[in-house]
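Data first, discussion second: the structure below is written as C-alpha cells.
The values are calculated or read from the model by the stated rules, or taken from the named source; none is laboratory data. Not measured: the values here are computed from a predicted model. Positions of Cβ are backbone-derived with ideal geometry, glycine not excepted, and every protein chain shown enters the neighbour counts.
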Amino acid sequence: MGSQAERYKSGVLPYAQMGYWDADYEPKQTDIIALFRITPQDGVDPIEAAAAVAGESSTATWTVVWTDRLTACDNYRAKAYRVDPVPGAPGQYFSYIAYDLDLFEEGSIANLTASIIGNVFGFKPLKALRLEDMRIPVAYLKTFQGPPTGIVVERERLDKFGRPLLGATTKPKLGLSSKNYGRVVYEALKGGLDFVKDDENINSQPFMHWRDRFLYCMEAVNKAAAATGEVKGHYLNVTAATMEDMYERADFAKELGSCIVMIDLVIGYTAIQSMAKWARRNDMVLHLHRAGHGTYTRQKTHGVSFRVIAKWMRMAGVDHIHAGTIVGKLEGDPNVIKGIYSICRDSFTKKNPEQGVFFDQDWAGLRKVMPVASGGIHAGQMHQLITYLGEDVILQFGGGTIGHPQGIQAGATANRVALEVMIKARNEGRDIWNEGPQILAAAARWCSPLRAALDTWKDVTFNYQSTDTADFVPTATPA
Amino acid sequence: MRITQGTFSFLPDLTNSEITAQIQYALDQGWAIGVEFTDDPHPRNFYWDLWGNPMFDLKDAAGALTEVTACRRAHPQYYIRVNAFDATRGFETTRLSFIVNRPTNEPGFQLKRTEVGGRQIQYTIESYATEAPEGRRYE
C-alpha cells in the first residue's frame, strides 16, 4: 500500500488491502479473538474473505470513507491474522480475527454480539459463516457479573454434595391444571429428585395461569422438603413478554420462598443479563433453558456454535444451562459436549481442538455454571452419564421419572438409587463404564422401582449420527 | 421417616468397610475428612457440631473411621456425617458428605402453613424432635 492519500482515495478496495488482514499480527493479551469457519463463494480468495469478515464485524463498509481519517482507525480495525483450511472439508477455512478491547462496551453481551455476529452473517461474498469459538480476555471478563450463584454456592445452599443433582421436567408440558401440575412436582420431589422444572413453553396459558402454578408448586416443594428433610426446588419459569412481567413473576416466586427461577434463551441477551442481576440481588439460583438454540447452533457450516453461546451465558450470568446429554434424544457428539461442559465448569479451560475448544480461556474467577443434561435419558444409562458428564451436572429424567410403570415417586426413587449406587461404586474404584449394568442389576434386587425402570427402558437408545462434531480427530498415541 | 440428606441416603446404611472405602476415595483426591454430629436435622441447619477439626494431615482411612466410631460412642442417637473438604481453587468447598449414624427413631418434620393475604401460604418446616431441648431430642 502506498501513501495515505492513495489508501483513502474514493472507491472500492479489497478488504485485505484496507488493513483488515495482517499475517504478522500478534494478538494482544487484551484482544478479543474470534474464530470463524468461513465458506467463501466460488472464486473468492479465503484471505480476502477473512479480511471481509474482520472488516464487516468491525469498522468497514463496502467503500472507502474519508471520515476514517478522523479516527485512530487502525486501532479499531479488526485484524484477520490466520487462515487455515478446515481438515477434511474442502472450501471451508478457519479464520482467526482479533478485536481491540476498545471496540466493546463493558459488561454487555448485546454490544459484543452486535459486532461479532451482526451484519457479517448475511454478507454476500460468503456462502456460509459460523462462529466456532472466542477467546475472551481477562480484562473484558472482569466487567461481567457472571453467574449469580455458581456451582459451589448452589451446592452449599442446597446442602447436596458428591453426586450429580437430579431433576425432571413436568409432563405433559402443556395442558395440566395448576393443581394437577403441582401433584407431579410433589410426587417427583418426594420420591427422591432434587428439582422439578417447568418446561420452556410453560408461561401463563389459558389452562394454567402463572400465579396458580407458582402457588401449587410451592406447596409441593415445601411438602416434599418436610417429607424428606432435604432442600427441594422447582424451577419456576418467569419467561414473559416484557421485563416488567418477568420481574413481577420473579418477585412473586421470591415472596413464596422459591430458591430458583428459570428463563428461556429466547428472551434475549439483555433480558438474561437483567435477570442475572435480579437473581444476584435476591439470592436466587437462575436456570436457563436453551430454547431456540438449535436453529443456529446445530449445522456445522453456518451459525454460532453452542460452545460460544455457553461462554456468553457464563458471562451474562446464569447458574444452570442445558448443555447436552450425549446419550439422550437430542444432538450431542461426545467430544463437542465435553468441550461445552469444560467451558461451563473450568476455572481455566485448556485449548483442545478435538473437543472444539480452540483457545486457552482463563475464566478470571467467574463463577461456574452447572450444566444440565436433559432429554431422553433414563436410569439404565447412569454409568454412561456419570462417566461422560461427571459430578457437577444436573441429570434430568422427565419421561424417565413420570413414565415409570409404578408411578412418579417410584420413578424418582429408581433414578436416585441408580445415581447413588453408581457414585458409591465409582468411589470404591470400580470400573463403572463396564460394570455399570451389573451394578444397577444388583441394586435392582433390593429396589423394585429400579428393577421396573430397567425392565421398561432397557433397550431405549438414540443412536444417530451427530451433526455438530469436532474437526480434529484424536490421533492414536503409541502405547 | 428416613431423612435423605447426604450423598448415600437412598442406599442401605453403609457398613464400616463401605465407609472406609469412601473415606479412602476422598483422601486419594487430596480432600480432608471431618466428622460432624447434630440432633437438629433441619435441612437448613448448616452448622452441625464439629467432632474436632477436619483432619488435614490424615493419610489413612482407618484413622478417620476411628473418629467416626468414637463419635458414635459419644452420640449414639445423633445424626453423624462424614464430610470431605477440597481446598483446590475453584472449589474450596465440601465435595462429599454422607450420613454414617442416625437415631433409632426419626420422627421427621411438620409442615406448618400460615395463611396470609390472598391465597398465599407461608411455610415453615419444623423437626418434631427439636421441640425438646438440645441433647434430649432422641432419647
Just wondering, is there one or more residues in region A:355-368 that are free of Cβ contacts under 8 Å to residues at least 60 places away in the same chain, within 12 Å of another protein chain (Cβ to nearest Cβ) and surrounded by fewer than 23 Cβ atoms within 10 Å (Cβ to Cβ)?
yes
If you go through region B:78-134 one residue at a time, how many are outside any loop (DSSP other than H, G, I, E, B), under 24 Å from residue B:11 (Cα atoms), more than 9 Å from chain A (Cβ to nearest Cβ) and in contact (Cβ under 8 Å) with a residue 60 or more places away in the chain?
7
In region A:283-315, anything out of contact with any strand residue (DSSP E or B) (no Cβ under 9 Å at 6 or more places or on another chain) and in a helix (DSSP H, G or I) is listed as A:294, A:306, A:315
Do we find that residue A:397 is within 28 Å of the chain's Cα centre (by Cα), away from chain B (no Cβ under 14 Å), farther than 23 Å from residue A:151 by Cβ and of a type in the set (Phe, Trp, Tyr) in this structure?
no
What residue, of A:163, A:157, is charged (D, E, K, R), facing chain B (nearest Cβ under 10 Å) and crowded, with 18+ Cβ neighbours inside 10 Å?
A:163
Select, from A:446, A:457, A:433, the only residue that is closer than 30 Å to residue B:16 by Cβ, over 23 Å from the mean Cα position of the chain (by Cα) and away from chain B (no Cβ under 14 Å).
A:433
Would it be correct to say that residue A:233 is touching a strand residue (DSSP E or B) at 6+ places or on another chain (Cβ under 8 Å), more than 10 Å from chain B (Cβ to nearest Cβ), modelled with pLDDT of 95 or more and under 20 Å from residue A:181 (Cα atoms)?
yes
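For (1) loosely packed, with under 15 Cβ neighbours inside 10 Å; (2) over 25 Å from the mean Cα position of the chain (by Cα), each residue gets a yes or a no:
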position	(1), (2)
A:60	no, yes
A:64	no, yes
A:77	no, yes
A:80	no, yes
A:87	yes, yes
A:98	no, no
A:107	no, no
Checking the structure you have, find out if any residue of region A:33-42 is in contact (Cβ under 8 Å) with a residue 40 or more places away in the chain and of a type in the set (S, T, N, Q).
yes
For residue A:188, indicate whether it is among the aliphatic types (A, V, I, L, M), under 20 Å from residue A:417 (Cβ atoms) and either within 13 Å of chain B (Cβ to nearest Cβ) or within 25 Å of the chain's Cα centre (by Cα) (or both).
no
From A:426, A:451, A:416, grab the single residue that is within 19 Å of residue A:404 (Cα to Cα), modelled with pLDDT of 80 or more, within 29 Å of the chain's Cα centre (by Cα) and not aliphatic (A, V, I, L, M).
A:416
Got a number for residues in region A:267-276 being surrounded by fewer than 16 Cβ atoms within 10 Å (Cβ to Cβ) and part of a helix (DSSP H, G or I)?
1
Across region B:21-49, what is the total count of residues that are more than 10 Å from chain A (Cβ to nearest Cβ), surrounded by 15 or more Cβ atoms within 10 Å (Cβ to Cβ) and not in a strand (DSSP E or B)?
5
Please determine, by comparing only the residues of region A:166-205 that are among the basic types (Lys, Arg) and not in a strand (DSSP E or B), which one is surrounded by the most Cβ atoms within 10 Å (Cβ to Cβ).
A:190
